[in-house]
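Visitor: Could you have a look at this structure, given as structure tokens, before my questions?
Here, each number is a calculation from the coordinates, and none is a lab measurement. Keep in mind the model is a prediction, meaning the values are calculated, not measured. Note that we place each Cβ from the backbone using ideal geometry, even for glycine, and neighbour counts take in every protein chain shown.
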């Protein structure tokens, strides 16, 4: 197997595995803020129990997320040295901003969040919860900004020639507010809120079915359901806005997402289908002219297809891009339907009477995760063959000296380590869920230990 393919597989694997955890921490962090805010407002013990329990889950997710994220920075130097040299000025500033404005904030308040009970006042602990959540949000900003710059680069100029060429920032804020950054950041945030809230609803639905911690479980489920309903509906609008940006700035990607080949012609909006790149045909269930209607408000509007671009500037895996994109959309619509139906049952006063619905929510925790993953696959595979759109091709971004055997070795090693980490994560998460929130006796014992310490 070629070095380029192996290096892409390795990076895709490490990024995909790492991306399980940051969205969970962002979404879960918001639920923690609301739960502790409810405790400060009502002084009801059940909200403190909910907050304490969710913080235990958050700490586990945060720890695994940090451990799995370190590897990617080394891969930039080992496998993608030319890429690192080319975009170092851009990525360096973004990653520096993340360290200064995000990680320092998040890690600084995390100690107070984890160990501050009975050591600081309740409102101080609440501020720490907000600080940790905002830190995770700020971290996402700079990562998404750096990636969005690769999709729609602005605020730079290129110095040097050939292998010595590199992009330098000439307008930092133009780089930050590149044409796709706000839409993509909004889309990422909403996906993270869905991942975190569905995790909470899964755990709370499990408790309700088992008739354990009922008061806490019902309140945690309701808080998360409100957030999930709002986020799922907002995600529909965000997705449409993101598609418009892609149509304007990355038309080849949009053509691959919808399996549209004709250079300039009305394009169908596929609900599901299959793309044959060799014959340039897409078959399936579609709304004739629907893509033009969504983009231009006209069923007869022309949409740029893949034939408008040279063969070597088209995504190589068109069917994969098409399928990943449509899986993301399908899950998004399913989440809207699920949250609206549950909200309706809540309004009727029958939310927790329907055991089949609670069982669905127990397993629905996987849906936002799958949607987040295939959404990123769509964005990154649709950008190919460019690693920086229109400027640097992926094949030119590789390290000159890395060999296939070296990448194979590290890929196998990372796979074994990440499988072990995931197993540890599942084991510890299972233990925390089985244990549940602290009992009154455990809380009294912890309080005594903290006071005597």
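Visitor: As a test of the formula, what do you get for the chain when each DSSP H run with n ≥ 4 contributes -39,500 (n - 2.57) and the sum is divided by the residue count, at 222 nm and rounded to the nearest 500 deg cm²/dmol? It would help to have the intermediate numbers written out before the result.
Guide: Numbers: 16 runs with 319 residues, N = 453.
Dividing the helical sum by the residues of the chain leaves -24000 deg cm²/dmol.
Visitor: Which order results if 271, 223 are arranged by neighbouring Cβ count within 10 Å, fewest first?
Guide: On the way: 271 14, 223 22.
Ascending Cβ contact count within 10 Å gives the list 271, 223.
Visitor: Could you give the semi-axes, largest first, of the ellipsoid that matches region 35-124, computed as the square roots of 5 times the alpha carbon gyration tensor eigenvalues and rounded to whole Å?
Guide: Details: eigenvalues 289, 39, 19 Å².
Working through the eigenvalues yields semi-axes of 38, 14, 10 Å.
Visitor: Provide the gained length on full extension for the span residue 412 to residue 393, in nm with one decimal, where the gain is 0.36 nm per separating residue minus the Cα-Cα distance. Could the numbers behind the result be given before it?
Guide: Numbers: separation 19, 0.36 × 19 = 6.84 nm, distance 2.61 nm.
Contour length minus Cα-Cα distance gives 4.2 nm.
Visitor: Another question, if that's okay. Relative to the longest principal axis of the C-alpha atoms of the chain, give the angle of the C-alpha long axis of helix 21-42, reported between 0 and 90° and rounded to the nearest 10°.
Guide: 30 degrees
Visitor: While we're here: Tell me the label-point distance for the pair residue 283, residue 355, using the 7 Å Cα-to-Cβ offset, in nm and rounded to one decimal.
Guide: Placing both labels 7 Å beyond Cα along the Cβ direction yields 4.5 nm.
Visitor: Moving on. Against the longest principal axis of the chain, how steep is helix 45-78, in degrees 0 to 90 to the nearest 10, with axes from Cα atoms?
Guide: 30 degrees
Visitor: Going by average Cβ neighbours within 10 Å, how do the peptides 141-153, 230-242, 70-82 rank, with the highest at the top? Mind dumping the intermediate values first?
Guide: Numbers: 141-153: 22.2, 230-242: 17.9, 70-82: 15.9.
Highest mean packing first, the order is 141-153, 230-242, 70-82.
Visitor: May I ask for the percentage of alpha-carbon pairs in region 133-287 that lie more than 25 Å from each other? Intermediate results must be reported in sequence, preceding the final value.
Guide: On the way: 6457 of 11935 pairs.
When every Cα pair of region 133-287 is considered, 54 percent fall beyond 25 Å.
Visitor: Find the all-direction average of the projected area of the Cα convex hull for region 220-324, expressing the result in square nanometres with one decimal place. Before the final figure, lay out each step's value.
Guide: On the way: hull surface 30.7 nm².
It is 7.7 nm².
Visitor: Could you give the length gained on full extension between residue 158 and residue 215, defined as 0.36 nm per residue of separation minus the Cα-Cα distance, in nm? Could the numbers behind the result be given before it?
Guide: Values: separation 57, 0.36 × 57 = 20.52 nm, distance 5.99 nm.
Fully extending the segment from residue 158 to residue 215 adds 14.5 nm.
Visitor: Let me ask something else about it. Expressed as a rounded percentage, what relative contact order does region 244-383 have, with Cα pairs under 8 Å and six or more residues apart?
Guide: Details: 200 pairs, mean separation 37.9, N = 140.
Worked out over region 244-383, it gives 27 percent.
Visitor: Full extension from residue 244 to residue 40: what is 0.36 nm times the residue separation minus their Cα-Cα distance, to one decimal in nm? Could you put the intermediate results ahead of the total?
Guide: On the way: separation 204, 0.36 × 204 = 73.44 nm, distance 4.24 nm.
This chain segment gains 69.2 nm when fully extended.
Visitor: Looking only at region 301-332, which residues have a backbone nitrogen under 19 Å from a spot 7 Å from the Cα of residue 404 in the C-beta direction?
Guide: Answer for region 301-332: none.
Visitor: Follow-up. Hey, could you get me the Stokes-Einstein D for region 99-204, Kirkwood radius over alpha-carbon pairs, 20 °C and 1.002 mPa s, rounded to whole µm² s⁻¹?
Guide: Values: Rh = 16.3 Å.
Here the translational diffusion coefficient equals 132 µm²/s.
Visitor: How big is region 276-373 along each principal axis, measuring the range of its Cα positions in Å and listing the largest first?
Guide: Its Cα atoms span 57, 29, 19 Å along the three principal axes.
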